[in-house]
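The values are calculated or read from the model by the stated rules, or taken from the named source; none is laboratory data. Computed from a prediction, not measured in an experiment: that's the story for all the values here. Every residue, glycine among them, receives a Cβ derived from its backbone with ideal geometry; neighbour counts consider all protein chains shown. Side chains are part of the model used for accessible areas, which takes the heavy atoms of the whole protein and leaves out ligands, DNA and RNA. Shrake-Rupley method; radii C 1.70, N 1.55, O 1.52, S 1.80 Å.
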Amino acid sequence: MPTSFQFFKQEVRDYIVDNVDINKKILDIGPGVGTYSDLLKNYGYYMDCVEIYEPYVVNYQLDKKYNNVFIQSVVGFHFDYYEFIIMGDVLEHLSVEDAQSIIKKIVTSGKQCLVAVPYLMEQGEHEGNVHETHLQPDLSPAVMETRYPELQLLYANQYYGYYVNKKQKHKKAYLLYADESYADLVQVCVESIRKFSEIPILVYMLNSDKKIEDTETIRWDCDVKHLKQRADYIDRSNKSIYKLLIQRPLITKHALENYAETIAYVDSDSVASPHVDNIFTFYNEESSHPYFTEGIYEYLMVNGRGGAESRADLSTTLEAPACELFNINQYVRNRYRQTGYYVAGQNTIEFLDEWYWMCNHPKVLKNHNYYAPFHEETILQALLYKRMTFSGLPYCYINGLHKDLEFTGHDNLIGPWIKVPSHKEHLLFYHGEKNIEKIKEFIETL
């Protein structure tokens, strides 16, 4: 049929406008009555079409809707000139072999595509047009998944489905997230990483469409109040801050499932060193848990709480309430691990799920100051004890923008919360500075 189901047409229009640059050339295969030209042409896109049945060109005035009309079969057509290919109600008219060949050709050449198909629909010749016959009347979500693995579902109901290119994951990527109050800080952190690394950078912006240059920026919608302005130090008593920070495991999971095989999480108030890419070399990709950086201190304290007199009595540690809540033996504890820098891979999804679940336990949410005084980091310690997990990154950063450091072969505490990593190659980040001008000046010295 020259027409198609009207399901999701407005959503698809919005998808194309949001994801296809106005300067990209579009090819509409099998335009029928010119549905996609009607949806998009007013936005200024350059659009050609390929139509196998010449009477449609005249009947539906396709020459007035498209820049060029090619009257021929799509089989054997050369797509080199185009960056975005639309195949609306076309796949089912092709043989499996031809359709698979065309989809593979489009995807492997790096072009974007939009494919729309009706599900489980028999159809023969229509008004003398033998090309209207469905050669794949068995298409369904399950069949599409196995027959066309290069595509992923975008929108669907029981009658109709829209598909786009399946995202190809990066082998490695850096990961940052923030709300708009930290956007300028994230930008300079990205600039510092880019000075020394070509690895892709993912930035999740909370409840914001703001884009960070030189990154793949993802909007992340969540129940977190926007911070009007950032502070020099985290207010750990603030429930909104807690809810912001516990997005960390969930965002990490989303990045691993959709964008990269392995990710390195980086706090947004960081400046990368020339050795930044070493963070991936410390990680075992077969690990079932992320590798977190070693902490500065073995025990933390906040508001007069925390610490321990000895290993024989750990009842006063900050982690004790969480360990009691989750029935975890903290006496197995090893080195304290921090969440400002870590590497996670595909085998860590279950760990991330449990971490997020523990952070959202009703009792923890009701009184995070008691159960999670250092937020997601306190809960992490309990989970590491539960899983008897002790491997991780070496100590890999220093607080502050320090120059002319001496590396002694062992981690060296030179002041309160200021520790120098053991080796120069272990110093991956300078952490904590929030003055943009100071950061930019320091980056230039690196």
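(1) under 23 Å from residue 247 (Cα atoms); (2) open to solvent by less than 30 Å² (accessible area, probe 1.4 Å); (3) out of contact with any Asp or Glu (no Cβ under 8 Å at 6 or more places or on another chain): which one isn't true of residue 325, the others all being true?
Just one mismatch for residue 325, condition (2).
With respect to residue 182, is the statement that it is open to solvent by 10 Å² or more (accessible area, probe 1.4 Å), part of a helix (DSSP H, G or I), over 22 Å from residue 95 (Cα atoms) and at pLDDT 90 or above true?
yes
Out of (1) farther than 21 Å from residue 329 by Cα; (2) at pLDDT 95 or above; (3) among the β-branched types (Val, Ile, Thr), the odd one out for residue 443 is which?
Here residue 443 clears every test but (2).
Residue 342: within 30 Å of the chain's Cα centre (by Cα) and modelled with pLDDT under 95, yes or no?
No; evaluated as a whole, the condition is false for this residue.
Restricting to the stretch 155-179, name every residue that is touching a Leu at 6+ places or on another chain (Cβ under 8 Å) and open to solvent by 40 Å² or more (accessible area, probe 1.4 Å).
166
Determine if the stretch 295-314 includes at least one residue that is within 27 Å of residue 194 (Cα to Cα), modelled with pLDDT of 95 or more, touching a strand residue (DSSP E or B) at 6+ places or on another chain (Cβ under 6 Å) and buried (at least 19 other Cβ atoms within 10 Å of the Cβ).
Looking through the stretch 295-314, at least one residue is within 27 Å of residue 194 (Cα to Cα), modelled with pLDDT of 95 or more, touching a strand residue (DSSP E or B) at 6+ places or on another chain (Cβ under 6 Å) and buried (at least 19 other Cβ atoms within 10 Å of the Cβ).
Just checking, does the stretch 11-30 include any residue being touching a residue at least 40 places away in the same chain (Cβ under 8 Å), in a helix (DSSP H, G or I), under 24 Å from residue 134 (Cβ atoms) and open to solvent by 50 Å² or more (accessible area, probe 1.4 Å)?
No, the stretch 11-30 has no match at all.
Within the stretch 39-49, is even one residue under 25 Å from residue 14 (Cβ atoms), assigned to a loop (DSSP other than H, G, I, E, B), open to solvent by less than 30 Å² (accessible area, probe 1.4 Å) and among the aromatic types (Phe, Trp, Tyr)?
yes
Looking only at residues that are assigned to a strand (DSSP E or B) and over 30 Å from residue 272 (Cβ atoms) in the stretch 161-178, which one is farthest from the chain's Cα centre (by Cα)?
It comes out as 161.
Out of all the residues in the stretch 70-103, which are outside any helix (DSSP H, G or I), surrounded by 20 or more Cβ atoms within 10 Å (Cβ to Cβ) and not hydroxyl-bearing (Ser, Thr, Tyr)?
Matches in the stretch 70-103: 74, 84, 85, 86, 87, 88, 89, 90, 94.
Does residue 58 satisfy being open to solvent by 70 Å² or more (accessible area, probe 1.4 Å) and assigned to a helix (DSSP H, G or I)?
It is true that residue 58 is open to solvent by 70 Å² or more (accessible area, probe 1.4 Å) and assigned to a helix (DSSP H, G or I).
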